[in-house]
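Down below is the structure, laid out as structure tokens.
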Amino acid sequence: MPALSGFLWLISYWLIGEVVIHFSGLPISSGVIGMLLLCATLAVRGRVPNSIAAAAQPLIGLLAMLIMPGVVGVFFIVGDLAGQWTAILVALVLGTLLSVLTTLWLLKHLIGQSHAS
Amino acid sequence: MPANSLLTMLTTTPLFAVGLTLAAYLIGSGLFQRLKRPSWLPAILIAALLLAGALALIGLPYATYRQGATWLTVLLGPATVALGMPLYQQLPRIYQLWRPLTICLPIAATLAAFYALAIAWLLGSSDTILASIAAKSVTAPIAIGITEQLGGTTALLLGALLVTGVITIPCVSLAARFLHIDDERIIGFALGLNGHAIGTVRAFELSPLAGAFASLGMSLTGIFSALLLPLAWRLISIAS
């Protein structure tokens with residue numbers, strides 16, 4: 001069962017992340033620490049073991065489904081914020097559009113520059 | 001048997017919430033394919049609307065559903081760790097761009113929070129609302145921690161995350177067309193940096209390369225914001 005042992009690896013890295021947070025007090029999630037540790041481990045080994053690939057590939061495909069239960073909660077707080085929604089929505093939509101434009105523009109020029117030099 | 005006690009019986013097992021989530025996800029993805037994958041209506045939004053509709057229809061309280069769905073959401077931990085694999089596989093390409101990415105990230109991640117906060121503040125939003133939407137571009141597990149530190153409400157934060165994630169997708173395709181960008185590395189990075197997990201999922205639909213840059217953008221934004229936002233909040237409250 002390669003997928004099962006790969007899954008155990010993923011869980012172990014997540015648990016290591018929990019331990020790191022407990023002792024360091026970093027305001028980062030254990031998933032992100034686990035992800036960076038996994039990436040570092042793979043870089044040291046120089047290849048992706050079959051077991052990790054067998055577990056990681058399907059899980060990544062399921063990410064959208066896994067965040068759904070949290071996402072649905074939004075529809076149940078709409079009533080609590082009556083009158084505030086317009087300001088919040090305008091801020092989020094306009095803010096995101098501006099921020100996306102900035103990111104794309106900035107990266108395009110920075111990458112263009114490093115290619116030119 | 002009256003419908004009410006039937007529902008009570010079914011919801012004693014988490015399998016009901018799990019089954020409901022799977023069904024909404026599959027139907028949502030199916031509809032998304034049928035509609036020819038519109039960028040303004042991502043599969044996750046269709047599925048979330050279906051699920052919310054189903055909960056309202058059968059009268060299942062969200063808190064009860066959420067409790068059952070924990071059996072699925074607990075997998076978010078290992079799934080986030082799993083993102084380390086595409087990150088490793090794309091390391092050579094990321095390494096080629098380490099300089100522009102290092103310059104871009106702090107500026108773009110700061111502005112991602114700043115624009116929305118400035119607009120909301122100008123429109124007269126309360127401090128609690130500002131604290132709740134500050135982490136709007138940060139991936140959920142990190143964003144929840146940040147919001148608690150700032151004194152915002154988690155429910156509103158998750159709402160802000162959904163709106164931001166969903167709106168990021170059409171914003172990126174529009175802005176990329178406007179700026180004549182077709183480099184999947186840039187598009188992926190912008191999707192992950194601004195649209196956290198929802199943007200990253202979209203990037204993986206485009207290509208593994210875009211997906212890897214999105215995971216990178218998402219995780220770097222998360223780490224950077226987790227350090228920056230609480231600090232900035234403390235400075236502002238000292239100054240005011």
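The values are calculated or read from the model by the stated rules, or taken from the named source; none is laboratory data. Quick caveat: nothing in here was measured; it's all calculated off a predicted structure. All Cβ positions, glycine included, derive from the backbone under ideal geometry; neighbour counts span all protein chains shown. These accessible areas exclude ligands, DNA and RNA; they are computed on the full protein's heavy atoms, side chains included. Shrake-Rupley method; radii C 1.70, N 1.55, O 1.52, S 1.80 Å.
Here is how the numbers come out for the structure above:
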quantity: Of all accessible heavy-atom area on the range B:1-77, the percent that carbon and sulfur account for (1.4 Å); calculated: 73 percent
quantity: Chain A - percent relative contact order, Cα under 8 Å, separation 6 or more; calculated: 27 percent
quantity: Most fluctuating residue given options B:Ile198, B:Ile144, B:Ile58, as computed from a GNM of chain B linking Cα atoms under 10 Å; calculated: B:Ile58
quantity: Summed buried accessible surface, chains A and B, 1.4 Å probe, nearest 100 Å²; calculated: 7000 Å²
quantity: ³J(HN,Hα), Karplus 6.51/-1.76/1.60, whole Hz, each residue of the range B:68-81, x for Gly, Pro; calculated: x, 6, 3, 4, 8, 5, 5, 6, 4, x, x, 5, 5, 4
quantity: Phi-based couplings in Hz for the range B:163-168 (Karplus 6.51, -1.76, 1.60; Gly and Pro marked x); calculated: 4, 4, x, 5, 6, 4
quantity: Estimated [θ] at 222 nm from DSSP helical runs (n ≥ 4, -39500 (n - 2.57)) normalised by residues in chain B, nearest 500; calculated: -27500 deg cm²/dmol
quantity: FRET efficiency, 1/(1 + (r/R0)^6) with R0 22 Å, evaluated for B:Leu91 and A:Leu8 via beta carbons; calculated: 0.35
quantity: The range A:1-69: C-alpha gyration tensor shape, a/c 1.5 cut-off, then a/b vs b/c; calculated: oblate
quantity: Chain A: mean projected area of Cα convex hull, nm²; calculated: 12.1 nm²
quantity: Residue order for A:Arg45, B:Arg66 - accessible surface, 1.4 angstrom probe, largest first; calculated: A:Arg45, B:Arg66
quantity: Between 0 and 90°, nearest 10: helix B:43-58 axis offset from chain B longest Cα axis; calculated: 30 degrees
quantity: Cα-based Rg of the protein assembly as shown normalised by 2.2 N^0.38 Å, two decimals; calculated: 0.98
quantity: Compactness of chain B as Cα Rg over 2.2 N^0.38 Å, two decimals; calculated: 1.09
quantity: 3J(HN,Hα) from dihedral phi, the range B:188-195, Karplus parametrisation 6.51/-1.76/1.60, rounded to Hz, x for glycine, proline; calculated: x, 4, 5, 5, x, 5, 8, x
quantity: Mean accessible surface per residue for the range B:113-185, computed with a 1.4 Å probe while every protein chain stays in place, in Å²; calculated: 39 Å²
quantity: Cα-Cα P(r), the range B:161-221, percent of pairs per 10 Å interval; calculated: 30, 59, 11
quantity: Relative contact order of the range B:1-74, pairs being alpha-carbon contacts under 8 Å that are 6 or more residues apart, as %; calculated: 41 percent
quantity: Residue-level accessible surface for A:Phe7, protein heavy atoms, 1.4 Å, Å²; calculated: 60 Å²
quantity: Prolate/oblate/rounded call for the range B:1-99, Cα gyration tensor, a/c under 1.5 rounded; calculated: oblate
quantity: Gyration tensor verdict on the range B:38-146 (Cα atoms; rounded if a/c is under 1.5, prolate if a/b is larger than b/c, oblate otherwise); calculated: oblate
quantity: Helix axis angle, B:140-150 relative to chain B longest principal axis, alpha carbon, degrees; calculated: 80 degrees
quantity: Residue among B:Ile146, B:Ile46, B:Ile187 with the largest mean-square fluctuation in a Gaussian network model of chain B, springs linking Cα atoms under 10 Å; calculated: B:Ile46
quantity: Gaussian network model of chain B, Cα within-10 Å springs - most flexible of B:Ala143, B:Ala135, B:Ala175; calculated: B:Ala175
quantity: Nearest 10 degrees, 0 to 90: helix B:208-239 Cα axis against chain B principal axis; calculated: 80 degrees
quantity: Within chain A, helix-based [θ] at 222 nm, where runs of 4 or more DSSP H residues each add -39,500 (n - 2.57), nearest 500; calculated: -27000 deg cm²/dmol
